[in-house]
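K.L.:
I am attaching a structure below and will ask some questions about it afterwards.
The values are calculated or read from the model by the stated rules, or taken from the named source; none is laboratory data. Remember, it's a predicted structure, so these values are computed and weren't measured experimentally. Positions of Cβ are backbone-derived with ideal geometry, glycine not excepted, and every protein chain shown enters the neighbour counts. All accessible areas refer to the heavy atoms of the entire protein, side chains included, with ligands and DNA or RNA removed. Shrake-Rupley method; radii C 1.70, N 1.55, O 1.52, S 1.80 Å.
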Amino acid sequence: MEDYLQLFVDETSFYNRIVLGNLLPENLWKALPHFIQTWIRNYIGGTAVYFISGFLWSFYIYYWKRNVYLPKGDHLKKTYSMWILRTTQWNLVPISDLKGTPQMHRRGAFQDAIPSTKAMFLQIVVAMKAMPWYCLLPTLSEYMVENGWTRCFSRISDVGWPLYLLYLAVYLAIVEFGIYWAHRELHDIKPLYKYLHATHHIYNKQNTLSPFAGLAFHPLDGILQAVPHVIAFFLVPTHFTTHIILLFLEAVWTANIHDCIHGNLWPVMGAGYHTIHHTTYRHNYGHYTIWMDWFFGTLRDPDLDSPDKKM
């Protein structure tokens, strides 16, 4: 058993050497405890994934392909009207508070709905304040794996591809279920919403939502929504490397679902669905797919909410 657990330690040590060994002088990290090395590596990796995915996706949709993805003219007027309709319909904001909202008027009435540089900068600030805390979760999960407390396995060959794929499907189902309910309770339990999740929901309009809002959470909020990844590997045999990859892919996924662009790829819970969540606060709590919202009755389809169909 100890020999098998050593495989996990060797793997995490390898990752530490790759990241820290190439970025920091050896005398700054080599003598640090393995747990601290792992946390620093996760912090560097998480920050890199956040900025790379955020900047690349922002450049692609706001500049390179802005004529493709960003509404203009009459269509944007309809989008703005739909935002007001959704907001007032669900009694989220008094109609008297909607004057001048959203900040589409900054560059003239109904110009391209690109988030301002200030909005994106503030999202980055919130995310960077939380990042050291976020990175404790993968660090603790690796520590638990290295000590044999979980059902992780080191090599796919230990179980074979058919079982690996079956376990992965069960793992993802547990994660989907767990994140749905964690997210929903962060809305339904008022103190959790007020003191944790409200930090993220200040971004509730097209010109404030951006890929950088994906990790702009209160630290505890972000951790609570990622905990299902850790719970899952106590319940189902999980490939260790796959678990790490999926944790870090969260940063890429959350960047994607905050860009307000409806990809319309069933059954993916893409940005079109998630934008509705940010405007009604009562729908589309799911993560990767629409299935949990469909099953529990909280699904709202962006195609049915489109301006062209409603106006």
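K.L.:
Check which residues have an amide H placed less than 5 Å from residue 239's amide H, if you skip close sequence neighbours.
P.N.:
Result for residue 239 returns 153.
K.L.:
Let me ask something else. What shape does the stretch 107-231 have by the C-alpha gyration tensor, where a ≥ b ≥ c are the square roots of the eigenvalues, rounded means a/c under 1.5, and otherwise prolate means a/b greater than b/c and oblate the rest?
P.N.:
Note, shape of the stretch 107-231 comes out prolate.
K.L.:
Using R₀ = 25 Å, calculate the FRET efficiency as 1/(1 + (r/R₀)^6) where r is the Cβ-Cβ separation of residue 35 and residue 245; round to 0.05.
P.N.:
In this case the efficiency is close to 0.75.
K.L.:
If I model a spin label as a point 7 Å beyond the Cα along the Cα-Cβ vector, how far apart are those points for residue 22 and residue 128 in nm?
P.N.:
2.3
K.L.:
Follow-up. Applying a 10 Å radius around every beta-carbon, put 207-220, 161-174 in order of their mean neighbour count, most first.
P.N.:
207-220, 161-174
K.L.:
Starting at the first residue of the stretch 270-287, write each ³J(HN,Hα) from the Karplus equation 6.51 cos²θ - 1.76 cosθ + 1.60 with θ = phi - 60°, in whole Hz, x for Gly and Pro.
P.N.:
Result, rounded to whole Hz: x, 5, x, 5, 6, 5, 4, 4, 6, 10, 9, 6, 10, 9, 6, 7, x, 10.
K.L.:
Would you please state which residues of the stretch 136-161 a label at residue 9 would reach in this model, taking the label point 7 Å out along Cα→Cβ and a backbone N cut-off of under 19 Å?
P.N.:
From the stretch 136-161, the list is 139-155.
K.L.:
Step through the table entries 129/194; 65/205; 65/118; 65/194, compare each Cα-Cα distance with 29 Å, and write down the pairs that go over it.
P.N.:
Too far apart for the 29 Å limit: 65/194.
K.L.:
Heads up, I need the accessible area for residue 290: 1.4 angstrom probe, whole protein in place, Å², nearest 10.
P.N.:
10
K.L.:
Let me ask something else. Let's test the formula: R0 of 35 Å, r as the Cβ-Cβ distance of residue 117 and residue 44. What FRET efficiency results, to the nearest 0.05?
P.N.:
About 0.90, to the nearest 0.05.
K.L.:
In whole angstrom, how far apart do the alpha carbon centroids of the stretch 146-221 and the stretch 222-236 sit?
P.N.:
If we compute the Cα centre of each part, the gap is 7 Å.
K.L.:
Which FRET efficiency value, to the nearest 0.05, is calculated for residue 190 and residue 166 with the Förster distance at 35 angstrom and r the Cβ-Cβ distance?
P.N.:
It comes to 0.30.
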